[in-house]
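Rule-based calculations on the coordinates, nothing more; no lab input. As the structure is a prediction and not an experimental result, all values here were calculated from the model. Using ideal geometry, Cβ is built from the backbone for each residue, glycine included, and neighbour counts are taken over all protein chains shown.
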Amino acid sequence: MGYPHPSHPREQVLLSKYFGDSGARTYAGWVDRGGYQGLRKALGMSREALIEEVKASGLRGRGGAGFPTGLKWSFMPKDDGKPHYLVCNADESEPGTFKDREIMRWTPHALIEGCALAAYAIAAERCYIYIRGEFTEPWSVMTEAVREAYANGVLGRNALGSGHRIDITLHRGAGAYICGEETAMMNSIEGKRGNPRIKPPFPAVAGLFGMPTTINNVETLAATPHIVLQGAAFYKSLCLGNPKSTGTKLISVCGHVQRPGNYEITMGTPMRELIYDMCGGMRPGRTLKAVIPGGSSVPIMTADEAETCITDYEGVIEKGSMLGSGGMIVMDDSADMVYQVWRLARFYAHESCAQCTQCREGTAWTTRILERILAGKGKEADFQLLLDLSEQMTGKTICVLSDSCAAPIVSGIQKFRGEFEAYMSGARRPALASAL
Ligand SMILES: Cc1cc2nc3c(=O)[nH]c(=O)nc-3n(C[C@H](O)[C@H](O)[C@H](O)COP(=O)(O)O)c2cc1C
Ligand code: SF4
């Protein structure tokens, strides 16, 4: 079991306050630390007031797309007489992202509290928490925490004595990245193959088992009790200037920094401060070359772009990328960008569910062309071929896995073309053997 680093003075610890504190894992420990007060307060509010509070806080989904959470909840139909469902997305398979597992490992009751609060807000009696198959420790910690939550009356027919029924079912995935996509996740819970569904219908209309459903990420849900307890204004005030990106964000930093780990920053923190102060900068003698700021599914940023970037949704977009899940992959001048782009393309080719031709063929062929370049057999025409394939893979498929593969390829060619040319000209020794 790995322990997290002690929090840096410039972090704003809200969700990560008890990371590393094993006492916070139990029901009694959580209650001692002020746990379940947010849920208790929420259950005393009307559903409308609760949704308005979350809307007013400015909270946006932490799973990748950054969709406003309160607005998403408000899409659920009212008094329709149908069962409603909440699905908590704990699949966390995005390369470079490792924050949700820490929430589950250290503060499982924070997630249960957030799930119960959201379930009440959208009038759902049942929440499914879909946990990534490989997460053995989070799975066992969550299993025990759910058992304790039932034993102490937090969950069940009469949640915290409110008269409302709230049940939580843990569902374990089998290790497919695509099951993190919300509609594939619903198929997987229903016992079907985890293929994404065409939208519309959107989940709020016809989701899990055909019923109105809301899907939220672990970090999103764990933030909601803080909003209710401390108020929307408090949460909204946690930003450094941009009112469209509020609150704190767990950034999983990996790669060539001196102190990788999860850092909970106030939205708007300069990326430079995160990399050089909080994470201790680059390894000795090395300089920053590139950052992939939002998990692997977003365009690559150059060192200049990263060093002048504000870390929030709009700040990263301004630099041509996306905040995504907040998994930040940092690379120094020793990184081989062609190899890194190939590794990502290979991942997407492996994880494509293969329903859409552009994705099935595109991810496979881009991987093989990149392999050819790495083998020293690339041709100038491969640039256009890769860009044409990427164009066909963007905005044309059932889900955005295909776009996610294209983003690092296109930005890699645009920003690090010289490294591709070095393989083509023979200036760089081949890194792979190629079948093509
Ligand atoms: C291929 C793919 C994989 C995804 N994986 C995850 C994931 O592991 N965890 C997650 O929360 N969202 C993931 N998402 C985003 C979800 O579809 C969904 O937008 C999110 O869970 C909504 O929660 P939020 O509004 O709280 O962010 C993925 C999306 C795609 C297209
Ligand atoms: S884009 Fe890829 S992963 Fe998404 S539905 Fe189509 S084939 Fe499946």
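Structure values in brief
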| read-out | value |
| --- | --- |
| Mean Kyte hydropathy of 1.0 or more with a Cα span along the axis of at least 24 Å, helices from DSSP in the chain | none |
| Mean separation of Cα contacts under 8 Å, 6 or more apart, over the residue count of the chain: relative contact order % | 16 |
| In Å, descending, principal axis extents of the Cα set of segment 232-296 | 44, 23, 17 |
| Proximal charge balance of residue 123 [Cβ under 15 Å; K/R count +1, D/E count -1] | +1 |
| Computed over segment 251-332: relative contact order in percent, which uses C-alpha pairs under 8 Å that are six or more apart | 38 |
| Loop chymotrypsin sites (Phe, Trp or Tyr not before Pro), segment 1-68 (other Cβ atoms within 10 Å of the site Cβ: 14 or fewer; DSSP) | none |
| Relative frequency of Cα-Cα separations exceeding 23 Å in segment 35-237, percent | 38 |
| Per-q log10 I(q)/I(0), segment 104-161, q = 0.15, 0.25 Å⁻¹ (Debye; single scatterer per alpha-carbon; no solvent) | -0.43, -1.08 |
| Sorted by Cβ density within 10 Å, fewest first, the residues 130, 3, 150 | 3, 150, 130 |
| Distance from segment 311-345 to segment 14-64 (C-alpha centre basis), Å | 30 |
| MRE, 222 nm, helices only [DSSP H, n ≥ 4, -39500 (n - 2.57), over the chain, to nearest 500] | -12000 deg cm²/dmol |
| Of every Cα-Cα pair in the chain, the percent that sits beyond 33 Å | 35 |
| Percent breakdown of C-alpha pair distances by 5 Å bin, ordered from the shortest bin, for segment 383-436 | 4, 18, 21, 20, 19, 10, 5, 2, 0 |
| Overall Cα dimensions of segment 244-351, principal axis frame, Å, largest first | 35, 34, 23 |
| Packing rank of 352-365, 383-396, 420-433, where each peptide gets the mean count of other beta carbons within 10 Å, highest leading | 352-365, 383-396, 420-433 |
| Inter-part distance where segment 396-419 and segment 92-135 are each reduced to a Cα centre, Å | 30 |
| Mean separation of Cα contacts under 8 Å (6+ apart) over length of segment 35-237, as relative contact order % | 32 |
| Rounded to 5, the percent of DSSP beta bridges in the chain classed as antiparallel | 45 |
| Kirkwood-based shape ratio for segment 62-162, expressed as Rg/Rh from alpha carbons | 0.98 |
